[in-house]
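Worksheet: the structure to be examined is printed underneath.
Just so you know, all these numbers are worked out from the coordinates, no wet-lab data involved. Just so we're clear, the structure is a prediction, and the values are computed from it rather than from any experiment. Backbone-built Cβ (ideal geometry, glycine too); neighbour counts: all protein chains shown.
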Amino acid sequence: MSERKVLAKYYPPDFDPAAIGRTKKSKADKANRFATVRLMAPFSMKCTSCGEFIYRGRKFNARKEIPPDERYLNIQIFRFYIKCTRCSGEIVFKTDPRNMDYVVERGAKRNVDPWKRGLTGDGREDETDEERLDRIEREMAQAEGSEHAVMLERNAMEELEAKTADAKREMAVADALDTIRSRNARLARAQREGVEVEVLVGGVEKEEEERRRREEEEDEIAAKKAFAWAKRQEEEEEEVIMEVVQEEGEDEQAVEVTNGASSSSGGGDIKKDDDAAAVAVAGFVDSPAVAALKPAVKRAAEEAPPPTFEKRAKKPKKNYSALLGIKKKA
């Protein structure tokens, strides 16, 4: 196997370098020749022969043609030839410097790109520059007309709002004038009648002060009633206690009288003393004073609580805050 990169080449014995002539090629021939380049599809397209879709970015070995008579503003236009990946049909497209894009010439149909305008598969434009300018002018005129209509409507609304505000202001001024006139008339009438007129500044504050004074008077009356009721309750309790103490004193006096009578008969025998004591006790029991005390004693016995061996609970103090209208703090 021979080497791929050699330094010395074989020349036959009959080789004559002078016999090899050089032919100069024209620039046109150089320009018209095709160059094989590696490129990617600049847009998505559909083959018209088999219907195969070729997506953007698909790589191809294309032939590049440089047509000498196709220029735009001295910018060279290039034409490329590729083959369909399915049917090997030839697809031709070229550059479009005017729109900074590519245009399909034959063999395929370009897919619709919403962001591209004026480029179709057959190389025609939807609108020219003049048509585009006319369309832009019409759109601007329509926008200005709509803005003018909006401005007119807005001005009408502002005028209506201004009229409404003026009407409200006039009504407020009329009300203030009526108030001033009525006050002046009242002052003039009071002066004619000889009544001293006091300029009341802050009538609302005086009404509030009057209301506060009335509330304080009502609170004071309620407090006096509560204290009077509490005093009556204490007096009634004291009266009941005095009655009980008097009844106990009368019972003690009756017992002392009985003991004195039994002791004054001394010197007799025990039997006589016992008989005398029994007669004295029977007489005391049957006396009108004891008979008058029996219902009170019976009632006290019934009302007395049963004896307990627990500690006596302290009597809670009476709460007069509710009667005085005083609220406790939470």
Pairwise FRET efficiency - Ala167 versus Ile221, Cβ, R0 = 41 Å, nearest 0.05
0.15
Rounded FRET efficiency, nearest 0.05, which uses the C-beta distance separating Ser88 from Arg22 and R0 of 56 Å
0.90
Return the FRET efficiency for the residue pair Glu137, Met40: r is the Cβ-Cβ distance, R0 is 45 Å, and the value is rounded to the nearest 0.05.
0.70
Can you put Tyr11, Tyr55 in order, fewest other beta carbons within 10 Å first?
Tyr11, Tyr55
Amide H to amide H under 5 Å from Arg98: which residues, 5+ apart in sequence or cross-chain, H placed 1.01 Å off N in plane?
none
Quick check: net charge around Cys47, other residues with Cβ under 9 Å of its Cβ, Lys/Arg +1 and Asp/Glu -1?
+2
Give a residue-ordered list of calculated ³J(HN,Hα) values for region 174-182 (Karplus: 6.51 cos²θ - 1.76 cosθ + 1.60, θ = phi - 60°; whole Hz; x for Gly, Pro).
5, 4, 5, 5, 4, 4, 5, 5, 5
Of Ile91, Ile180, Ile20, how do they rank once you tally other Cβ atoms within 10 Å and put the fewest first?
Ile20, Ile180, Ile91
Would you mind ranking Glu90, Glu170 by Cβ crowding within 10 Å, fewest neighbours first?
Glu170, Glu90
Rg/Rh ratio calculated on Cα atoms of region 127-192 (Kirkwood radius):
1.67
